[in-house]
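In what follows, a structure is listed as structure tokens, so that the remarks can point back to it.
The values are calculated or read from the model by the stated rules, or taken from the named source; none is laboratory data. Since the structure is predicted, the reported quantities are computational estimates derived from the model, not experimental observations. Note that each Cβ is placed from the backbone with ideal geometry, even for glycine, and that neighbours are counted across all protein chains shown. Protein only, heavy atoms only, side chains kept; ligands, DNA and RNA dropped before computing areas. Shrake-Rupley method; radii C 1.70, N 1.55, O 1.52, S 1.80 Å.
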Amino acid sequence: LHYFHHTSQRLPVAYRYSASKLEALRAKMQMATSISKTNQYVSNTAPQSSEGPAGSAAVGHPPLERRRPSQGQLTQAAAFPSPVPIVDIGVNLVDYSFRSDLKDVLQRAYDANVRALVVTGTCVRTSGAAAQLCDAQRDSCSLFFTAGVHPHNAKNCNETTLGELRRLAAHPRCVAIGECGLDFNRNFSPPDVQEKWFEAQVLLAKELRRPLFMHCRDAGEQFTNILSRHMPLPAAAVVHCFTGTRQELDTFLQLGLYIGITGWICDDRPERGGAELASLLAAIPRNRLMIETDAPYLVPRSIKPSKARPGRNEPALLPHVLMAAAAAIGISPEELGKSTTATACRVFGLPGDTLGLQHHHQDGVN
């Protein structure tokens, strides 16, 4: 009724509801509500019948309430284990959406054979929260984190930012400076401010001799210019969640950068370019490619039908990315899983021997 009343004011005169019509609708709704409450009362107070299901229906027991499965239940149903242990190199675990069930999220990841997670820091606050999470986590997956400022948050940087990041980088579980970079697609921070703080973080990574975990969207030229000024870098640099063109990919590879691939390649909508991105994977050297979820974002759209697809991504769904990437390259998921895990351990200095990943080194993938 509320909808009819308000939308009718924006419809042509011939389609508007008169006051008398609205009153009639209100009366019908009130009567229906009254009948519903009465039936519920009768159902709850009537004695149980001894005639089984038929008798129960006869006395008016209400049908079982149909509820949509929770995000965790949907993820559990869609998840499957990777054939080999794998590493999620980019997951926003300190996002608010994980606040109520983080322990279950980590257990589902472990059950899917995702043995290590790199928690993304996107500002001083989230980088600090990631450090605290790593300190607190002792079960299931091994957690590590990055410390940095995302280009969206560059406008909030001040004279204390680099000092705070330097302090966080000293944490034994901090494996990279980032997420830093440029995003000229939405420009939540002015471009010149983004450039200033991206370059500042590149210099910090050089000073500390730490890897870089980077973001680039619609800013390939300026991104490359800034990095080129500071080559060679003393440690690896990763372009996370790569969604660029073949030209950008070639430029990044020529600079010696590593590439992170997400569930973007699972998106079959033509306007999203998932198929085009998947077609580029074979051009990436195997020892430069890693996989990630970027959870809670980028739920793999290979989960079908859509009603079975969670609204929140989780590390437990990383095997979907592995399967799609392996198919795009033309190799087995096991082979790609071994190489991406070995690369992640090498780039971020993860202790493979303590993650159950010893066989990767024995296979010589590293």
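Please go through segment 315-350 and pick out each residue that is out of contact with any His (no Cβ under 8 Å at 6 or more places or on another chain) and small (G, A, S). Let's see the steps before the verdict.
Within segment 315-350, the first condition is being out of contact with any His (no Cβ under 8 Å at 6 or more places or on another chain), and the residues that meet it are 315-337, 339-340, 343-344, 346-350.
Listed by number, the residues that qualify are A316, A324, A325, A326, A327, A328, G330, S332, G337, S339, A344, G349.
In segment 179-210, which residues are at positive phi and open to solvent by less than 40 Å² (accessible area, probe 1.4 Å)?
Listed by number, the list holds a single entry, G181.
What single numbered condition from (1) more than 22 Å from the chain's Cα centre (by Cα); (2) on the phi > 0 side of the Ramachandran plot fails to hold for C241?
Of everything listed in (1) more than 22 Å from the chain's Cα centre (by Cα); (2) on the phi > 0 side of the Ramachandran plot, C241 misses just condition (1).
What number of residues in segment 103-125 are open to solvent by 10 Å² or more (accessible area, probe 1.4 Å) and not in a strand (DSSP E or B)?
Initially, segment 103-125 is screened for residues open to solvent by 10 Å² or more (accessible area, probe 1.4 Å), giving 103-104, 107-108, 110-111, 113, 115, 122-125.
Retained after the next criterion (residues that are not in a strand (DSSP E or B)): 103-104, 107-108, 110-111, 113, 122-125.
The qualifying residues number 11.
Hey, does segment 159-175 have a residue that's part of a strand (DSSP E or B) and buried (at least 17 other Cβ atoms within 10 Å of the Cβ)?
yes
Can you tell me which of A327, A295, A282, A316 is open to solvent by less than 10 Å² (accessible area, probe 1.4 Å), in a helix (DSSP H, G or I) and of a type outside the set (S, T, Y)?
Testing whether each residue is open to solvent by less than 10 Å² (accessible area, probe 1.4 Å), in a helix (DSSP H, G or I) and of a type outside the set (S, T, Y) leaves just A316.
Read through the list (1) under 19 Å from the mean Cα position of the chain (by Cα); (2) of a type in the set (D, E, K, R); (3) part of a loop (DSSP other than H, G, I, E, B), then give the number of the only condition that E179 fails.
Of (1) under 19 Å from the mean Cα position of the chain (by Cα); (2) of a type in the set (D, E, K, R); (3) part of a loop (DSSP other than H, G, I, E, B), only one is false for E179: (3).
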